[in-house]
Amino acid sequence: MTLRRLLATLKDLPRLARFAALAELAYDRAAHGQYEAALELLRKAYAARGETAPSPRVGVEPNMLVVHIAGRLQDVPLTLTAARLAIRQLEDGEGRYSPPERLYLIYWCQTALRYCAQISPLDRQGIAEETPLVFDDLDLREVSPRIRRNFPVYTPTDPEFFR
């Protein structure tokens, strides 16, 4: 790392620390069912990085938190945007996930897309074509407990993903 790059990184530390703290608070609020407060904290976190939620310049997990919160609030446009972005990030190899974990998280995002098709008058055929994964393709034994806890996947017989 060059000195110039090191100085730039040091300069960004307060902004990155603010993002991390606000994102962590958003996770906590979401875990307690306070979705509107969680979304507001996430928006502040993204703004601390000079971004809007969701953003390709932010990690995949915060973008998936946007998917979860927007889904709970039934904000279909935000859910669709965030889910599609998170899928692209996962397919591009972002994050330190094993192949089974990556497939699991893509399935989780695709489930959010299917949920949007259920609750809004969207092009359901288009959503179906975007979501080709099958639950039986997942190897849940190869997915870390932390990922399964934070991003639970339900069986296809569960009618509501965001319940």
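Tell me the helices (runs of 4 or more DSSP H) entirely within region 43-161 that contain at least 1 residues that are open to solvent by 40 Å² or more (accessible area, probe 1.4 Å), modelled with pLDDT under 85 and more than 30 Å from residue 12 (Cβ to Cβ).
Ranges flagged: 99-119, 124-130.
Is it the case that some residue within region 3-19 is under 25 Å from residue 145 (Cβ atoms) and either at pLDDT below 95 or out of contact with any Gly (no Cβ under 6 Å at 6 or more places or on another chain) (or both)?
No, that holds for no residue.
Take residue 12 and decide whether it is without any contact (Cβ under 8 Å) to a residue 12 or more places away in the chain, closer than 23 Å to residue 153 by Cα and part of a helix (DSSP H, G or I).
No, not satisfied.
Taking residue 103 as meeting all but one of (1) within 26 Å of residue 142 (Cα to Cα); (2) touching a residue at least 60 places away in the same chain (Cβ under 8 Å); (3) not hydroxyl-bearing (Ser, Thr, Tyr), write down the number of the exception.
(2)
Pick from 37, 26: which is assigned to a helix (DSSP H, G or I), among the hydrophobic types (A, V, I, L, M, F, W, C) and free of Cβ contacts under 8 Å to residues at least 12 places away in the same chain?
37
The values are calculated or read from the model by the stated rules, or taken from the named source; none is laboratory data. Worth saying up front: this structure is predicted, and the values here are computed from it rather than measured. No Cβ is skipped: glycine too gets one built from the backbone with ideal geometry, and neighbour counts run over all protein chains shown. Note: accessible area is taken over every heavy atom of the protein model, side chains too, but ligands, DNA and RNA are not part of it. Shrake-Rupley method; radii C 1.70, N 1.55, O 1.52, S 1.80 Å.
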